[in-house]
Number of protein chains: 2
Amino acid sequence: MIGEIIAIGDELTSGRILNTNSRFAAGCLFTAGHEIVAMATIGDTAGEIGRALRRAIRRADFVIAIGGLGPTTDDRTNEAVADALDRPATFHPEILDKIKNKSSQSPEGTGQDYEKLAWLPAGAEPLKPEARMAGYLLVHDSKPIFFLPGVPHQMKELMNDRVLPRLALWRGAASTRVLQRIFKVFGLQETAVNQKLKHIEKNDPQIRIGYYPVFPDVHVSLTVIDKNSREAENKFANLTAEIQDILSDCLYGSDETSMAQVVGLLLTEQHKTLAVAESCTGGLIGHKITRVAGSSNYFAGGVIAYANSLKEKYLDVEAGVLADHGAVSAEVARAMAAGIRERTACDIGLATTGIAGPTGGSREKPVGTVYFGLAARDLEKTFKFRFDGDRRQIQELAAQTGLDLIRRLLLDKITKAK
Amino acid sequence: MIGEIIAIGDELTSGRILNTNSRFAAGCLFTAGHEIVAMATIGDTAGEIGRALRRAIRRADFVIAIGGLGPTTDDRTNEAVADALDRPATFHPEILDKIKNKSSQSPEGTGQDYEKLAWLPAGAEPLKPEARMAGYLLVHDSKPIFFLPGVPHQMKELMNDRVLPRLALWRGAASTRVLQRIFKVFGLQETAVNQKLKHIEKNDPQIRIGYYPVFPDVHVSLTVIDKNSREAENKFANLTAEIQDILSDCLYGSDETSMAQVVGLLLTEQHKTLAVAESCTGGLIGHKITRVAGSSNYFAGGVIAYANSLKEKYLDVEAGVLADHGAVSAEVARAMAAGIRERTACDIGLATTGIAGPTGGSREKPVGTVYFGLAARDLEKTFKFRFDGDRRQIQELAAQTGLDLIRRLLLDKITKAK
């Protein structure tokens, strides 16, 4: 089906906010086999919203309109829909009830403020009112028009849970089988991944391979679209195996799996525990690990050893080693990893020490230089990396590299030799 | 002036690339006093490009079209312009000369490949041909239409060096003044902020106030647009003062300032140092603090005390206190904060302990319960919060609340009484 996406909000037309919603929606729809003919971005002005909607309905098979559904006075989408499509606003008491139930714990913003959310254009079918999310489907001129909230995580949830399944069932769209997987790669550039994989597209119109740099990773999407379900499944299984083989151990996971989840699964399987000693990553590795539910089963915690005094006090790094080699050195990374492992009695200790910038670099150790220490029962090893980017990117790359080193250790990809 | 932006490229409509160009252009134009009525994103299809151009010329005072100017076969903008605006392609030998001169150093892509870049629609005035950049101005129906390359750094250079100066001279456009500020609020719901501020909009068409939930904050944008520069400045200053007064200490900063930066500035001003003891936030507070360049001047680091054993060993929390009250308790938060402050000899110690979920909750301490401990020279205090959301949201809310407590402490908003 051919679709059009309309993003609504003054924060977008003034350039204040980057429009990530339209891109996410376009990406999902594209990989589900739809074609996006146009994406419009307009301000919170009822007249403009109405014009964009009417134009989109005229030329597309379906429309996704994102934003302007909130409870505040600057949200005008419903008003515009009521006018432009001649669908007077109708009150849905059941929506208000659900909202009130949900917000009963928080003292502020109950009742009145949210009443606006319960007024929808006539014929609107709320998509997920039980989750206190705005968003509804309107069928106009026999075409589905999905109105989604501009809050990114809500928009994503509704796209995945409601919009894509409904579109798949729309007028025989269901007879086509679409299989998709995202392969997550770390440690290779997008162009290098492209070079390795481009021969497998084979000019087959039913196969689509997409490359997306999703910092600090590269994601590869494989999509197989076929009328014949059995054939699609075979093709998909063969290609999946081929891609896994080619990307080898640079491929760390697929779909929604994060690097920290992969590490958590490996630690759980091997009944091992982990502790970290973070200098330049400042807590980011601990944060990534503890974002995973259940991480307390294998993660003891660690030390954010930002100041040298903490490296000494909490990790038993000797003052002489710090003075002789500097805090950013293989020797200190090694001592930090060994120190945190010993103090916490964990199976694995991981340490980072480096220069995240923008200042602090020197000719020998420029900004982006990061040393990693890895300590395990029969292993004590250090690694030196030089990352490109700004402070934030260097910290992200260092944290992901630290996790990747643990993954490789647990997969026996790191030799025991010192 | 009222403008429209058109971004062209299949990589945009398939969701493969995030459209940062349109946002950059919108931001520059907005702050230069122009209004963007719509931003369109379309694929590399000549018919679609032509339709979008004609529509934009009809309703806007100027148009910025970005992308599709490159030398490869999938770039179709010039072809579309020639057709849609009836301006046959014309060869510009002087452009080809400049390209050839410029590209003589690079072994690839000389001559033939670039000849396409020298064919422009009749009437086109190249913007910066000496830099081997595509991009030209076309005046159609007395309206300026700027065609810019999709390569972000080239687009930015041409926007700043060519487009903005030309537009400023176009028919007295320079007389409108636009002033904008973003107010960052934490600890109030979007609807509550709206309630507090909605009376100041006063139906004045020159004032715009926008509300944006940017989790975990709420952002309020104030925009004043006026022909008279002096009047706009007065209005803006008065409204800014009024908003600051109303939002009071829930307003933590403005524009690009993060909560961690505000905390860093206060610590620097007051010559104080900070250390953290994080349980449920797992390193996120340390990460937010160390994302700020120069944070090593006031941040010593701390302990990610995820396991109870680390709370004992590294923070001197007594085993009896843990056993009697449980790890998630005011008593443990207090001991953690005091412990990290004492061990690191910092001025301020901050501790978090709570239940981020999805499991681990009980009737007395449901998921989302988080205790904070704050220790300073003459203060030892705990706080209990109950956050809504999933694991990730609870961790984000807890980290931001922890930083906000330090901010309030440094602003003397926290009473010394225990």
> Roughly how many debye, to the nearest 20, is the charge dipole of chain B about its Cα centre, given +1 on each Lys and Arg Cβ, -1 on each Asp and Glu Cβ, and no other charges?
Replying inline: 740 debye
> To two decimal places, what compactness ratio does the stretch B:161-240 give when its Cα radius of gyration is scaled by 2.2 N^0.38 Å?
Replying inline: 1.33
> In nm, one decimal, shortest first: how far is the label point of A:HIS271 (7 Å from Cα along Cα to beta carbon) from the matching points in the other copies?
Replying inline: 5.6
> How much mean residue ellipticity at 222 nm does the protein assembly as shown get from its helices, if each DSSP H run of length 4 or more adds -39500 (n - 2.57) and you divide by all residues, to the nearest 500 deg cm²/dmol?
Replying inline: -11500 deg cm²/dmol
>> For B:SER248, A:SER254, give me the order by solvent-accessible area with a 1.4 Å probe, most accessible first, ignoring ligands, DNA and RNA.
In response: B:SER248, A:SER254
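What's the Kirkwood radius of the protein assembly as shown in Å, using all Cα pairs?
Details: mean 1/r = 0.0341 Å⁻¹.
For the protein assembly as shown, inverting the mean 1/r across all distinct Cα pairs yields 29.3 Å.
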>> Tell me the relative contact order for chain A as a rounded percent, counting alpha carbon contacts under 8 Å between residues six or more apart.
In response: 10 percent
>> Could you work out the relative contact order of the stretch A:264-418? I mean the mean sequence separation of Cα pairs under 8 Å and 6+ apart, divided by the number of residues, in percent.
In response: 23 percent
>> If N is the number of residues in chain B, what value comes out of its Cα radius of gyration divided by 2.2 N^0.38 Å?
In response: 1.31
> So what is the orientation-averaged projected area of the stretch B:300-418, using the convex hull of its C-alpha atoms, in nm²?
Replying inline: 7.2 nm²
> Can you give the accessible area of B:VAL328 in Å² (nearest 10), computed on protein heavy atoms with a 1.4 Å probe?
Replying inline: 20 Å²
> Once phi is turned into θ = phi - 60°, what whole-Hz ³J(HN,Hα) does the Karplus curve with 6.51, -1.76 and 1.60 give for every residue of the stretch A:359-369, x standing for Gly and Pro?
Replying inline: 9, x, x, 9, 5, 6, 10, x, 3, x, 6
>> In 5 Å bins starting at zero, report the fraction of Cα pairs in the stretch A:218-262 per bin as a rounded %.
In response: 5, 19, 25, 22, 15, 10, 4, 0
> So how exposed is B:THR257, as accessible area in Å² (1.4 Å probe, rounded to 10)?
Replying inline: 40 Å²
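So, with +1 on the Cβ of K and R and -1 on the Cβ of D and E, and no other charges, what is the size of the charge dipole of the protein assembly as shown about its Cα centre, to the nearest 20 debye?
Values: 102 positive and 102 negative charges, 62 e Å.
So the dipole magnitude of the protein assembly as shown works out to roughly 300 debye.
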> In a solvent-free Debye calculation with one equal scatterer on each Cα, what is log10 I(q)/I(0) for the stretch A:295-358 at q = 0.14 Å⁻¹, listed in the order of the q values?
Replying inline: -0.39
>> Pick from A:THR31, A:THR344, A:THR73 the residue whose mean-square fluctuation is largest in a GNM of chain A, springs joining Cα atoms under 10 Å.
In response: A:THR73
> Once amide H atoms are placed 1.01 Å from N in the peptide plane, what residues at a sequence separation of 5 or more from A:ALA40, or on another chain, have their amide H within under 5 Å of its amide H?
Replying inline: A:ILE5, A:ILE6, A:ALA7, B:THR41
> DSSP beta bridges in chain B, what fraction antiparallel, as a percent rounded to 5?
Replying inline: 65 percent
> What GluC sites (Glu not before Pro) in the stretch A:325-418 are in a loop by DSSP, with at most 11 other Cβ atoms within 10 Å of the Cβ?
Replying inline: A:GLU364
>> Only Cα pairs within less than 10 Å get springs; with that Gaussian network setup on chain A, which residue of A:LEU169, A:LEU274, A:LEU138 has the largest fluctuation?
In response: A:LEU169
> With the contact rule set at Cα under 8 Å and sequence spacing of 6 or more, what percent relative contact order holds for the stretch B:1-68?
Replying inline: 54 percent
> Gap in Å between the Cα centre of the stretch A:344-392 and the Cα centre of the stretch A:31-97?
Replying inline: 49 Å
>> Between A:ALA40, A:ALA134, A:ALA399, where does the largest GNM mean-square fluctuation fall for chain A, given springs only between Cα atoms within less than 10 Å?
In response: A:ALA40
>> Taking the Cα centroid of the stretch B:220-256 and of the stretch A:394-418, what is the distance between the two, rounded to the nearest whole Å?
In response: 49 Å
> Of the beta bridges DSSP finds with both residues in the protein assembly as shown, what % are antiparallel, to the nearest 5?
Replying inline: 65 percent
> At a probe size of 1.4 Å, how large is the accessible area of A:ASP404, to the nearest 10 Å²?
Replying inline: 10 Å²
>> Quick one: 3J(HN,Hα) in Hz for the stretch A:137-153, Karplus 6.51/-1.76/1.60 with θ = phi - 60°, rounded, Gly and Pro as x.
In response: 10, 10, 9, 10, 6, 6, 10, x, 10, 9, 9, 10, x, x, 5, x, 6
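Give, rounded to the nearest 20 debye, the magnitude of the charge dipole that the stretch A:158-254 has about its Cα centre when Lys and Arg contribute +1 at Cβ and Asp and Glu contribute -1 at Cβ.
On the way: 13 positive and 11 negative charges, 94 e Å.
Charge dipole, the stretch A:158-254, about its Cα centre: 460 debye, nearest 20.
The values are calculated or read from the model by the stated rules, or taken from the named source; none is laboratory data. Note that the coordinates shown come from a computational prediction; the quantities given were computed from them, not determined experimentally. When we count neighbours, we look across all protein chains shown, and the Cβ atoms used for this are built from the backbone with ideal geometry, even at glycine. Please note that ligands, DNA and RNA were not included when accessible areas were found on the heavy atoms of the full protein model with its side chains. Shrake-Rupley method; radii C 1.70, N 1.55, O 1.52, S 1.80 Å.
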